Amino acid sequence: MKTPNIQSMKKKSVWIWFAVGIILLLFAGSVLFIWKMSVNMFEGNPRFTLTEVRINGNKHGFWTNKKEQICSMLQLRPGLTNLFSLNLGALRAKLMKEPSIESVTVSRILPDTVAIDIVERIPIALINSPRSHYVTDADCILMQKGRCMDISYSLPIIIGLRNEQNFVPGMKASALKGAVELIELTRTRWPEMRIVSVSITRPDTLICALYYRNRIGNNEIFRVVLPAAGIETSLKRLLQVLEHILETGNKARHINLYFKGQAVLTMPAEG
């Protein structure tokens with residue numbers, strides 16, 4: 001029986017590895033060729049030069065008419081930037097750092113347009129005073145009043161959020177949760193109750209001032225005390241009390257709903 005020729009086997013192994021190397025080189029060359037072709041076809045093609053940036057968003061939103069500001073933020077240069085050189089995910093991430101932006105999509109529209117669709121956070125209350133620099137949305141996110149949708153003229157005020165010097169735009173202020181829920185419920189389900197202000201200075205308690213059924217005046221403002229939990233139940237009870245006051249001509253304007261199962265009515269203090 002003949003023994004295998006070791007030298008012959010070594011030569012065969014070298015040729016196999018040589019062939020594998022050639023195949024890998026051809027594969028790498030093909031990838032490089034395809035990449036170069038794609039660069040020339042897309043990123044190097046002047047046909048895909050950016051000429052328009054389209055901003056879509058809330059009709060009265062802060063960012064709707066800020067195309068130049070957005071282009072500067074994202075370093076978009078119409079007439080110079082190539083559409084396929086843009087990292088759309090990175091552009092979106094930059095915009096999402098703005099506290100007033102709730103969500104955004106960035107997309108290419110061939111051959112020359114970038115479309116930016118922005119959903120802005122809607123302010124629902126001022127923080128601490130009418131002259132405050134901060135507002136909150138329904139998720140308790142703080143925003144700078146001058147860098148978000150401006151509807152501050154119609155907003156109620158939430159009073160008592162502490163450490164205002166430490167406020168940071170974009171922070172979530174969980175202490176506002178009860179007051180925000182109260183405002184949202186009256187805004188969406190019981191709009192006949194118009195909240196003017198909500199105080200959160202007392203633990204587990206909301207103290208609000210409101211008008212009812214568009215009866216506005218010094219003698220028509222109701223001051224209501226209610227627990228910060230079970231707000232929907234309290235509002236249903238409050239609606240009954242307010243209707244009773246109007247029907248009977250009762251002059252009481254202070255309503256305490258903190259005691260379960262009953263409402264305590266008192267007259268406003270004179271002077």
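The values are calculated or read from the model by the stated rules, or taken from the named source; none is laboratory data. All values derive from a computational prediction rather than experimental measurement. Cβ atoms come from the backbone with ideal geometry, glycine included; neighbour counts cover every protein chain shown.
The strands (runs of 3 or more DSSP E) falling completely within segment 109-192 that include 3 or more residues that are of a type in the set (A, V, I, L, M) map to 113-120, 125-127, 157-159. Restricting attention to segment 83-95, the residues that are out of contact with any strand residue (DSSP E or B) (no Cβ under 6 Å at 6 or more places or on another chain) and either of a type outside the set (Lys, Arg) or assigned to a loop (DSSP other than H, G, I, E, B) (or both) add up to 7. Restricting segment 49-68 to residues that are assigned to a loop (DSSP other than H, G, I, E, B) and hydroxyl-bearing (Ser, Thr, Tyr), which is surrounded by the most Cβ atoms within 10 Å (Cβ to Cβ)? The qualifying residue surrounded by the most Cβ atoms within 10 Å (Cβ to Cβ) is 64.
Could you check, for segment 189-199, whether at least one of its residues is aromatic (Phe, Trp, Tyr) and within 21 Å of residue 130 (Cα to Cα)? Give the derivation first.
The initial filter retains those residues of segment 189-199 that are aromatic (Phe, Trp, Tyr), namely 190.
Applying the additional criterion that residues be within 21 Å of residue 130 (Cα to Cα) yields none.
Within segment 189-199, none of the residues are aromatic (Phe, Trp, Tyr) and within 21 Å of residue 130 (Cα to Cα).
I'd like to check something: does segment 242-249 contain any residue that is in the same structural domain as residue 161 (by TED's automatic domain parsing), in a helix (DSSP H, G or I), under 26 Å from residue 127 (Cα atoms) and without any contact (Cβ under 8 Å) to a residue 60 or more places away in the chain? Scanning segment 242-249 turns up no residue that is in the same structural domain as residue 161 (by TED's automatic domain parsing), in a helix (DSSP H, G or I), under 26 Å from residue 127 (Cα atoms) and without any contact (Cβ under 8 Å) to a residue 60 or more places away in the chain. Just one of the listed residues (229, 252, 209) is in a loop (DSSP other than H, G, I, E, B), small (Gly, Ala, Ser) and crowded, with 16+ Cβ neighbours inside 10 Å, namely 252.
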